[in-house]
């Protein structure tokens, strides 16, 4: 009977609206492991290009930055195009010096009509908000390795 | 209208199942022939993966099906496990099962939305999306993203599960069950839904299997063909579940099978979640270069059997990656069979399409 649908619908009529969540609550989709925009720690990066090598979307290229960086004599740091980035966090996982982090800044916060603003230079990447950091390398590092068979 | 005429249906059509078009040959209101026009979403995934390294090619392995990406991710990870000759820890295998089953439920709920949209029953369609949304939130909590999770990697799973994993996962299964029961009651008992779907798009299981189809289309036709039972992968051999089958093989039976499958999936998740605890090994690190060899995996996705074949000649990248998707036969051979054997009108055409549940990007890749 169609009545069964109506009976269920009446039940839902008195429930709290589900979709109200999105505009009413700030960041309703944020979680502790959200993979969003990157932060680069320029005091740790040695310019080894591992992040560039492992990026599946070719969103990272290494650029030269003026200044003195004792751990990075060639002064080469990653520049990330957030429009190409798939936010897979492989760069964070494979960085041998723990210099890249990911934050919960994602989705509409990154959306822009001007694509040039999403090409983040190393200096811009290092200015990110450290309080929003969600993903660090230690989340993905395998602590116990079983022998392969 | 007298005589035959051509009608273009899709890709920009609310009744089209995603970005595919059809060239329909019509006789009055009846669809006499439907020619599929694919290719709108072709991106060359198989070729792209040959140009990626082992450690980052899996990021591409599931990005062609928004509704149900996880079985594809699990299948590719399994195929690479075979190439690298590694055996992932049991916890990783159980987690992959939970991931694939949640994805199946999310996909079936998305399908409910499309199906009810094409029969004009919009209200319960949105309740189904609430169930899907709850699952996507769980995925964001465990893996970090809602749709493309990037969590089943060659050698196991990518990171350990959160501390309260078991309690939250079990809690979610009960919440989703309540929502699914509401949708089920409102849909399957509805007279309008029955009239629109009973006797529409009839195909027997054996016929569908012969035409290359798998999944709920075959099971709706009364044939219990399920890779999870016939050739168990991961740890499906250690959990109890049933394979629901229909009788007639019409659109209603396929809907019935999908709703019953959701309950079976929840049963699997509850059993598997008991085996996944925080702490302990979860991943075997794979080397940077693979030995020469082949990897092969077949999994049961929400739409049917999905196969991956990976060839390695050694080195840093796959030599060849081949996918066999479950969606292509649905819109070609199965649809042809249905149109030839019954009177499908233009009003029933979207219902037949939605009941087959093809995934358009999966056809094109």
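Read the figures in this text as sums done on the coordinates, not as results from a lab. Here the structure is a predicted model, which means the values were calculated and not measured. Glycine also receives a Cβ, built like all others from the backbone with ideal geometry; neighbour counts cover every protein chain displayed.
What 222 nm value per residue comes from the helices of the protein assembly as shown, counting each DSSP H run with n ≥ 4 as -39,500 (n - 2.57) and dividing by all residues, nearest 500 deg cm²/dmol?
Working: 19 runs with 197 residues, N = 514.
Helices in the protein assembly as shown give a 222 nm mean residue ellipticity of -11500 deg cm²/dmol.
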Compactness summary of chain A: radius of gyration and Dmax from Cα atoms, Å, are 21.1, 77
Rounded to whole angstrom, the alpha-carbon centroid of segment B:347-365 lies from that of segment A:19-94 at a distance of 38
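Can you quote the Å³ per residue value for the convex hull of the Cα atoms in the protein assembly as shown, rounded to an integer? Intermediate values should be presented prior to the final figure.
Numbers: hull volume 81.6 nm³, N = 514.
Once divided by residue count, the hull of the protein assembly as shown is 159 Å³.
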So for R0 = 25 Å, FRET eff. of residue B:263-residue A:13 from the Cβ-Cβ r, to 0.05, ends up at 0.45
If each part is reduced to its alpha-carbon centroid, segment A:106-138 and segment B:98-150 end up apart, in Å, by 29
Fewest-first ordering of A:60, A:6 by Cβ atoms within 10 Å yields A:6, A:60
Dividing the mean separation of Cα pairs under 8 Å (6+ apart) by the residue count of chain A yields a relative contact order in percent of 28
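Just rank B:313, B:119, fewest to most, by other beta-carbon atoms within 10 angstrom.
B:313, B:119
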quick shape note, segment B:283-341: Cα extents on principal axes in Å, largest first -> 53, 24, 12
Placing each pseudo-label 7 Å from Cα in the direction of the beta carbon, residue A:115 and residue B:123 end up separated by a distance in nanometres of 4.6
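Relative contact order of chain B: what whole-number percent is it, with Cα pairs under 8 angstrom and at least 6 residues apart?
Rounded, it is 27 percent for chain B.
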